[in-house]
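Q: First the structure, then my questions, so here it is.
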Amino acid sequence: MTVIGTGYLGATHAACMAELGFEVLGVDTNAQRIEELSRGELPFHEPDLPDLLRKHVASGKLRFTTSIQEAAEFGDVHFIAVGTPQRAGENAADMQYVDAAIVSLAGAIRKDALIVGKSTVPVGSSRRLKGLIREVSHPSANIDFAWNPEFLREGFAVQDTLRPDRLVVGTDSTSADQKLRQVYADALSRKTPFISTDFETAELVKVAANAFLATKISFINAFSEVVEVVGGDIRTLADAIGHDARIGRRFLNAGVGFGGGCLPKDIRALQARVSELGLDHTMQFLNEVDEINLRRRERVVHLVTEELGVLSGKSIAILGSAFKPNSDDVRDSPALDIAAKLFNSGADVRIYDPKANKNAAIRFPRLTYCDSLQEVMEDADIGVLLTEWDEFRMMKPTDFNLKVRQKNIVDGRNVLNPQEWRDAGWRFSALGHRPETL
Ligand code: UDX
């Protein structure tokens, strides 16, 4: 099989398919990335993936190329895993990479083959792409087509791919469905639910899942806003409603909210697509979900300003720049956004992230990057925890008592124990807690 596009999704899918025993060819237009992957080097941080990549580059089961021609000759099943980023200046998804990959691949195939879309696309895309394939394919090619959305989480990408909680396949072809059941035989043998459906449902399953998760996060964060005024404890509130199995505790962690390469862009693209379909009001609530999420970032800036007064000349230690722990991804990261906002307000902003310093520095080179937690807290007027890495969850106030300029900490992810910090003489604030009076 081939995997076209070797970003997070594609590289993970390719390595995992090799692990399942398939001969896999990964394809990308980015020659540097292909060179790195061919040497067994992964250009991003993802637990377990480097080992799997090296193992199968060495075994010969996994190869990489920039040639779509080679892919067309090699593959029986082709997975499309290229990105669908937010279009510049718009909410809609940019489909140019998916279209280009499918057109060039389908045009080069001269045999029986199955093309399977995995990228997250606006509903209606698969049917359009199926038409495109028909238009460009050679008479000697017999191309089947299916849409098979991917639900992997960064940080758990290998686990989510090898042991998915469900498989969804949208197609109007029985043979495509059958072939994908063979591809996923390992998961099926473990009774993983396999949902065979039409193109539109398959496309919608993905965006509906991400919209629901984003809504859940903004839901609890809206209650944070209430608790910050009236008093109370957002963590206890989340625990208590989470015990109701119909609600569930997961994705109710209040804090600086969601970021990353998926949730923000997917809820925006869904709104844009649904408006295009003439349903202007249907997904309007997602606008609110987005706004609540972005307001959390402003709230941290406000909190820090309340604590420090004028920001100019103050040293702020930012703990975390990745959009979530166990990732070096800073795309739409709440942490980095807040750091930049504080910097723009005149503060001396120093950041430490266990893995994402390099990517953060590419995005915001003017911030100061530190190599350790101890270093970033040195002479800080305030510490602001924005990504809940274990290293930060485990830290103790006594680790820094003699280091900092002021004992003041803001917990933007609700992972520290307020009492522990207060008992050690620190001012402690968190999102979803009424601020202490000065
Ligand atoms: C998400 C979906 O989970 C995944 O199924 C889909 O395929 C791609 O998008 P990912 O972007 O890797 O995966 O991150 P996820 O773990 O979902 O977290 C998204 C954001 O929500 C992070 O910024 C995280 O910090 C935030 N979050 C998560 C919260 O703020 N509170 C929570 O309770 C959970």
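Taken together, the values in this text are just the output of simple stated rules run on the coordinates, not laboratory data. The structure displayed is predicted, hence computed values, not measured ones. Methodologically, a virtual Cβ is constructed for each residue, glycine included, from the backbone with ideal geometry; neighbour enumeration extends over all protein chains shown.
Q: Using amide H atoms built 1.01 Å from N in the peptide plane, name the residues 5+ places from Val168, or on other chains, whose amide H lies under 5 Å from its own.
A: Those lying under 5 Å, H to H, from Val168 are Ile195.
Q: Ok, one more. Name the aspartates and glutamates eligible as straight-distance cross-link partners of Lys191: C-alpha to C-alpha under 13 Å, and not fewer than 8 places from it in the same chain.
A: Asp165
Q: Which whole-Hz ³J(HN,Hα) couplings does region 279-289 yield from phi under the Karplus relation 6.51 cos²θ - 1.76 cosθ + 1.60, θ = phi - 60°, glycine and proline marked x?
A: Each residue of region 279-289 in turn: 9, 5, 9, 4, 9, 4, 4, 5, 4, 5, 4 Hz.
Q: Where the centroid of each part is defined by its Cα atoms, how far is region 281-301 from region 1-55 in Å?
A: The distance from the Cα centre of region 281-301 to that of region 1-55 comes to 35 Å.
Q: Turning to a different aspect of this structure: Using a Debye calculation, one point per C-alpha and no hydration shell, please list log10 I(q)/I(0) for the chain at q = 0.06, 0.07 Å⁻¹ in order.
A: For the requested q values the scattering log ratios are -0.29, -0.39.
Q: While we're here: Over region 303-349, what is the relative contact order in whole percent, taking alpha-carbon pairs under 8 Å and six or more residues apart? Let's see the in-between values first.
A: Details: 51 pairs, mean separation 20.0, N = 47.
42 percent.
Q: Could I ask something else about it? Only counting other Cβ atoms within 10 Å, I'd like Leu237, Leu277 sorted with the fewest neighbours first. Intermediate results must be reported in sequence, preceding the final value.
A: Numbers: Leu237 18, Leu277 12.
Fewest-to-most Cβ neighbours within 10 Å comes out as Leu277, Leu237.
Q: In what order do Ile292, Ile102, Ile318 fall by count of nearby beta-carbon atoms within 10 Å, going from fewest to most?
A: On the way: Ile292 20, Ile102 26, Ile318 35.
If I rank by nearby Cβ atoms, fewest first, I get Ile292, Ile102, Ile318.
Q: Long-range amide H contacts for Gly232: which residues qualify at under 5 Å (H placed 1.01 Å from N, peptide plane, sequence gap of 5 or more or a different chain)?
A: Excluding prolines and chain starts, which carry no amide H, the hits are Arg434.
Q: Let me ask another. Please work out the ratio of the alpha-carbon Rg of region 1-64 to 2.2 N^0.38 Å and round it to two decimals.
A: Numbers: Rg = 9.9 Å, N = 64, 2.2 N^0.38 = 10.7 Å.
Dividing the Cα Rg of region 1-64 by 2.2 N^0.38 Å gives 0.93.
Q: Relative contact order, percent, of the chain when contacts are C-alpha pairs under 8 Å separated by at least 6 residues?
A: Relative contact order for the chain comes out at 12 percent.
Q: Compute a Gaussian network model of the chain, connecting alpha carbons closer than 10 Å, and tell me which residue from Lys355, Lys111, Lys265 fluctuates the most.
A: Lys111
Q: Can you run phi through the Karplus equation (6.51, -1.76, 1.60; θ = phi - 60°) for region 87-101 and list ³J(HN,Hα) in whole Hz, with x for Gly and Pro?
A: Rounded to whole hertz, the list is 5, 4, x, 9, 8, 5, 7, 8, 8, 4, 6, 5, 4, 5, 5.
Q: Still on this structure: Please turn the phi angles of region 202-216 into ³J(HN,Hα) values with the Karplus equation 6.51 cos²θ - 1.76 cosθ + 1.60 (θ = phi - 60°), one per residue in order, whole Hz, x for glycine and proline.
A: For region 202-216, the Karplus curve yields 4, 5, 6, 4, 5, 6, 5, 4, 5, 5, 5, 4, 5, 5, 4 Hz.
Q: At 222 nm, what value in deg cm²/dmol follows for the chain if DSSP H runs of at least 4 each add -39500 (n - 2.57) and the sum is divided by all its residues, to the nearest 500?
A: Details: 18 runs with 197 residues, N = 438.
After summing the helix terms and dividing by the residues of the chain, the value is -13500 deg cm²/dmol.
Q: Take Glu35, Glu150, Glu203, Glu378 and order them by how many other Cβ atoms sit within 10 Å, fewest up front.
A: Values: Glu35 12, Glu150 22, Glu203 25, Glu378 15.
Ascending number of Cβ neighbours within 10 Å: Glu35, Glu378, Glu150, Glu203.
Q: A further question follows. Among His45, His281, His13, which one shows the biggest mean-square fluctuation in a GNM of the chain, springs joining Cα atoms closer than 10 Å?
A: The residue that fluctuates most here is His281.
Q: Using square roots of five times the C-alpha gyration tensor eigenvalues, list the equivalent-ellipsoid semi-axes of region 294-437 in whole Å, biggest first.
A: Numbers: eigenvalues 84, 53, 45 Å².
Over the Cα atoms of region 294-437, the semi-axes work out to 20, 16, 15 Å.
Q: Would you mind computing the Rg to Rh ratio of region 2-196 from its alpha-carbon coordinates, Kirkwood style for Rh? Walk me through the intermediate numbers first.
A: Details: Rg = 15.8 Å, Rh = 16.8 Å.
Across region 2-196, the Cα-based Rg/Rh ratio is 0.94.
Q: Run the Debye formula on the Cα coordinates of region 193-305, all scatterers equal and no solvent, and tell me log10 I(q)/I(0) at q = 0.11, 0.12, 0.15, 0.16 1/Å.
A: -0.43, -0.50, -0.75, -0.83
Q: If you don't mind, there's one more thing I want to ask. Which whole-number percent gives the relative contact order of region 2-196, counting Cα pairs below 8 Å spaced six or more residues apart?
A: Working: 359 pairs, mean separation 37.0, N = 195.
Across region 2-196, relative contact order equals 19 percent.
Q: Let me ask you something else. Report, to the nearest 10°, how far helix 49-59 tilts away from the longest principal axis of the Cα atoms in the chain, using its own Cα long axis and a range of 0 to 90°.
A: For 49-59 against the chain, the angle is about 30 degrees.
Q: Over 28 Å between C-alpha atoms is what I'm after, so list which of Lys61/Lys206; Lys118/Lys324; Lys341/Lys403 land there. List each step's numbers first, then the result.
A: Values: Lys61/Lys206 30 Å; Lys118/Lys324 23 Å; Lys341/Lys403 25 Å.
The answer is Lys61/Lys206.
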